[in-house]
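Structure first, then comments.
Only the coordinates and a few stated rules stand behind these numbers; no lab work does. Predicted, not measured: the structure shown is a model, and the values here were computed from it. Quick reminder, even Gly has a Cβ in these numbers, built from the backbone with ideal geometry, and neighbours come from all protein chains shown.
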Amino acid sequence: MCGIVGAVAQRNVVPILLEGLRRLEYRGYDSAGIAVLEQDDKLACVREVGKLKNLEVALKDEPLSGHVGIAHTRWATHGVPSKRNAHPHSCRSHVSIVHNGIIENHLLLKEQQLKNNHVFSSQTDSEVIVHQIYDHIKEGDDLLVSVQKTVQNLKGAYSLGVICEGDPQHLVAVRYGSPMVIGLGIEEYFIASDVLALLPVTQRFIFLEDGDVADLRPEGVTIYDANHQPIERPIHESQLSGNTVSRGEYRHYMLKEIHEQPRVIQESLEGRLFEHKVIESCFGPESIAVFDQIDAVQIVACGTSYHSGMVAKYWFEELAGIPCQVEVASEFRYRKPVVKGNTLFVTISQSGETADTLAALRASKSFGFQHSLAICNVPESSLVRESDLCLMTRAGPEIGVASTKAFTTQLVALLLLVMVTGRRHALSAEQEQAIIAELINVPKKIDLILEKEHEIATLAEDFVDKQHALFLGRGTKYPIAMEGALKLKEISYIHAEAYPAGELKHGPLALVDEQMPIIAVAPNDALIEKLQSNLEEVRARGGKLYIFADEALGLTSSEGCFVMSIPSVHRLVSPIAYTVPLQLLSYHVAVLRGTDVDQPRNLAKSVTVE
């Protein structure tokens with residue numbers, strides 16, 4: 001969602017703020033802005049609609065300089081993308097804020113503030129915050145106390161950065177339900193909604209907890225909890241480097257991340273296997289005691305992570321012999337589930353800050369779940385900190401909005417979890433060793449698939465003028481078909497749907513004609529003959545087929561049917577490998593259609609509000 005950067009330093013902070021915003025572009029945004037306290041202690045603000053380069057051009061015409069400032073990239077919720085709705089928001093040129101989140105009671109607050117003669121210049125929910133802070137300052141409170149009093153009246157999720165005229169070298173930050181991190185320098189301090197924004201200036205971070213208010217000055221940082229009591233939060237040393245987010249030789253981050261998958265899958269396995277067995281302690285020091293109690297699994301996730309959970313359901317029930325339920329977090333959190341005793345509550349998230357998934361985790365104990373486990377890509381995230389157990393995917397920073405390497409490493413992590421729980425139930429030691437042997441071989445198989453990129457790029461030309469597509473799969477490849485459809489629609493804007501191949505005659509077959517390409521995932525497993533029968537139904541109705549098939553099947557292309565042979569891979573790990581050609585297809589279709597591959601329209605990388 002929105003990106004926040006702020007700084008208080010003994011130097012001009014504008015270049016720091018701009019670089020921080022550049023590093024947050026991957027989150028998605030529609031406008032950007034900066035506010036600083038200039039040398040005369042006056043607030044100055046520049047905002048622009050569109051890409052960050054528009055703000056940079058505006059700053060050349062209207063340069064800013066100051067030792068304290070805040071900056072923001074906005075993704076519209078309340079109010080259309082426009083300069084007046086862009087952040088920072090100010091009140092009477094005295095106080096400025098940047099806000100990430102949603103204020104649910106903003107209409108009530110706005111009604112009260114209109115009675116107090118405040119004039120609203122935007123359509124946003126955020127503006128009520130800055131007016132509320134201003135009112136407390138006018139009553140005689142300092143900036144810190146004014147912010148503390150203001151947040152007591154806010155309902156919703158928010159992170160804030162606040163600066164005030166007449167209070168130089170002072171920055172206040174808040175976190176409640178939306179991420180906020182403090183970066184520690186030498187007599188200079190920073191805030192951001194993501195560690196990546198601050199890597200050029202520091203490796204040392206403090207992660208605020210919900211309800212925290214941080215008071216930042218050159219001489220130090222003081223953090224207050226929700227009860228206004230000073231509190232110490234641990235300092236974390238990040239292992240990420242400032243060049244982590246470079247595209248390198250690749251045209252887009254997404255393509256780079258697709259090609260990184262063999263390496264990150266290997267890294268996801270390193271140190272977690274011994275003598276072809278999964279080391280249980282990699283899930284946390286309490287994992288053995290927890291896994292001894294587990295006889296069912298509930299997975300909750302959103303988007304791509306939900307698809308990985310759907311694959312895991314097949315694995316849990318076939319290999320581990322334990323029941324597994326999978327649900328979209330935004331649905332799960334608003335119903336009353338019937339919880340079977342000793343069910344492990346598993347959340348999956350790339351960022352670890354997805355609002356619905358976090359809310360579901362926080363509600364899980366009240367629902368009756370005794371233990372929670374997070375599968376996540378960000379070690380410092382809220383999801384990891386608030387879960388009993390965790391397994392990091394080790395995908396590294398994923399900048400492209402359309403998830404690729406995070407998805408395949410989630411599948412790897414889930415398969416490891418299936419094995420450690422399954423060995424207590426239906427999975428034999430011999431089966432575990434065989435699966436691990438196949439899993440270790442997956443990176444080499446993906447390398448072979450990546451060698452086919454040129455062929456897949458040529459295939460993508462057939463999709464440039466299409467408006468719709470169907471994806472088909474059976475068993476564990478049905479969720480992979482869903483993931484393929486999601487990737488195509490996310491970045492190429494082609495409407496795509498996925499179905500279990502056996503459902504064709506129950507409705508989707510009515511859509512098939514010469515303008516509707518059908519993409520099928522056809523590994524060499526027990527369902528291949530069923531799938532082939534389904535595909536013949538498509539051919540009989542004039543549909544054009546594109547089949548990603550195991551080379552051992554010996555399928556060849558023919559009139560109306562294009563076959564892309566994929567290196568043979570064991571059926572249990574085939575979902576990991578078969579994802580890659582679908583990622584490449586979506587990528588090259590998007591490039592040919594001229595879309596913004598890394599930052600597709602209307603989408604954000606991390607959905608930190610409902």
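Our estimate of slack between Arg92 and Leu448, defined as 0.36 nm per intervening residue step minus the Cα-Cα distance, is 122.0 nm. Charges were assigned to the Cβ only: +1 to each Lys and Arg, -1 to each Asp and Glu. The resulting dipole of the chain about its Cα centre is roughly 760 debye.
Site pair Gln431 and Leu603 shows an inter-label distance of 3.6 nm when each label is modelled 7 Å from Cα along Cα→Cβ. Of all DSSP-defined beta bridges confined to the chain, some 60% are antiparallel rather than parallel. Under a model in which nothing but the beta-carbon of Lys, Arg (+1) and Asp, Glu (-1) is charged, region 108-183 shows a dipole of about 260 debye around its Cα centre.
Other residues with beta-carbon under 11 Å from the beta-carbon of Phe291 carry, at +1 per Lys or Arg and -1 per Asp or Glu, a net charge of -2. Restricting region 214-306 to GluC sites (Glu not before Pro) that sit in a DSSP loop and have at most 10 other Cβ atoms within 10 Å of their own Cβ leaves Glu219, Glu232, Glu249, Glu270, Glu275. A crude spin-label estimate for the pair Gln293 and Glu62, with each label 7 Å from Cα along the Cβ direction, gives 5.8 nm.
On full extension, the segment bounded by Val119 and Arg204 gains 26.5 nm, given 0.36 nm per residue less the C-alpha separation. Spatially, region 419-434 and region 169-211 are offset by 43 Å when compared through their Cα centroids. Applying both filters, DSSP loop and at most 15 other Cβ atoms within 10 Å, to the trypsin sites (Lys or Arg not before Pro) of region 1-110 gives Arg11, Lys42, Lys83, Arg92. Straightening the chain between Lys138 and Lys51 buys 27.7 nm, computed as 0.36 nm per residue apart minus the Cα-Cα spacing.
Please name which of Tyr250, Gln239, Gln266 has its Cα lying farthest along the dipole of region 192-288 towards the positive end, using unit charges on Cβ (Lys, Arg +1; Asp, Glu -1) and the Cα centre as origin. Farthest towards the positive end: Tyr250. Of the GluC sites (Glu not before Pro) found in region 460-507, no site is in coil according to DSSP while having at most 10 other Cβ atoms within 10 Å of its Cβ.
Enter the Cα centre distance for the pair region 282-302 and region 336-379, rounded to the nearest angstrom. Result: 11 Å between the Cα centres.
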